[in-house]
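Structure first, then comments.
The values are calculated or read from the model by the stated rules, or taken from the named source; none is laboratory data. Note that the structure is a prediction, hence the values are computed from the model and not measured. Here the Cβ positions follow ideal geometry from the backbone for every residue, glycine too, while neighbour counts run over all protein chains shown.
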């Protein structure tokens with residue numbers, strides 16, 4: 001059960017990261033973002049690791065993969081913490097709160113702590129708000145997916161409907 005919950009959380013975190021990234025690209029197109037934080041974080045970490053000779057495509061690829069990995073791991077962590085058939089807080093609001101917490105810990109904590117970016121109050125106008133919105137979307141998608149896949153089974157139905165549902169599940 002725990003392994004299944006971790007896997008569901010990882011898949012939900014991956015999908016939520018894709019949606020979050022779409023929000024980030026949209027805010028970049030609106031001029032609110034500048035260089036995106038995952039790119040800044042990746043560049044900093046690659047520099048610290050000594051990988052100074054890299055092309056833009058290589059860095060973009062590493063940035064996308066680390067962002068996806070972070071979101072996948074965050075989704076698994078959220079699902080693990082919120083385990084059980086009925087979590088203490090429903091998944092959707094819990095996911096939104098989790099997204100806000102990830103934003104807060106990252107952009108008020110370890111990112112400025114490592115000297116990668118300034119804290120939100122000193123960052124470029126628009127980027128902190130855009131990133132908060134993106135993280136809230138991440139949390140809402142994460143929580144919504146987990147809410148949908150872990151909901152309580154519906155009341156027993158006719159044998160015909162149950163058979164159709166079982167066949168559908170087998171095909172998936």
- Item | Lone unmet requirement of (1) closer than 29 Å to residue 7 by Cα; (2) part of a helix (DSSP H, G or I) for residue 43 | (1)
- Just to be sure, is residue 59 surrounded by 14 or more Cβ atoms within 10 Å (Cβ to Cβ) and in a helix (DSSP H, G or I)? yes
- Note on the structure: Per the list (1) touching a residue at least 24 places away in the same chain (Cβ under 8 Å); (2) buried (at least 16 other Cβ atoms within 10 Å of the Cβ); (3) part of a helix (DSSP H, G or I), residue check on residue 116 breaks on (3)
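Residue-by-condition table, conditions (1) under 23 Å from the mean Cα position of the chain (by Cα); (2) modelled with pLDDT of 95 or more; (3) not in a loop (DSSP other than H, G, I, E, B):
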site: 104; (1), (2), (3): yes, yes, yes
site: 110; (1), (2), (3): yes, yes, yes
site: 154; (1), (2), (3): no, no, no
site: 166; (1), (2), (3): no, no, yes
- Hey, residue 127 hits all of (1) out of contact with any helix residue (DSSP H, G or I) (no Cβ under 7 Å at 6 or more places or on another chain); (2) under 30 Å from residue 149 (Cβ atoms); (3) crowded, with 18+ Cβ neighbours inside 10 Å but one; which does it fall short on? (2)
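Regarding segment 89-98, can at least one residue be identified that is surrounded by 12 or more Cβ atoms within 10 Å (Cβ to Cβ) and without any contact (Cβ under 8 Å) to a residue 24 or more places away in the chain? Show your work before the answer.
In the first step, residues of segment 89-98 are kept if they are surrounded by 12 or more Cβ atoms within 10 Å (Cβ to Cβ); the result is 89-98.
From what is left, the residues that are without any contact (Cβ under 8 Å) to a residue 24 or more places away in the chain are 89.
Taking every residue of segment 89-98 in turn, at least one turns out to be surrounded by 12 or more Cβ atoms within 10 Å (Cβ to Cβ) and without any contact (Cβ under 8 Å) to a residue 24 or more places away in the chain.
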- Confirm whether residue 32 is at pLDDT below 95, within 20 Å of residue 133 (Cα to Cα), out of contact with any strand residue (DSSP E or B) (no Cβ under 7 Å at 6 or more places or on another chain) and buried (at least 17 other Cβ atoms within 10 Å of the Cβ). yes
- Note on the structure: In segment 64-88, residues that are in a helix (DSSP H, G or I), farther than 18 Å from residue 140 by Cβ and either at pLDDT below 95 or out of contact with any helix residue (DSSP H, G or I) (no Cβ under 8 Å at 6 or more places or on another chain) (or both) total 3
- Query: Hey, does segment 33-48 have a residue that's within 23 Å of residue 144 (Cα to Cα) and within 13 Å of the chain's Cα centre (by Cα)?
  - Reply: no
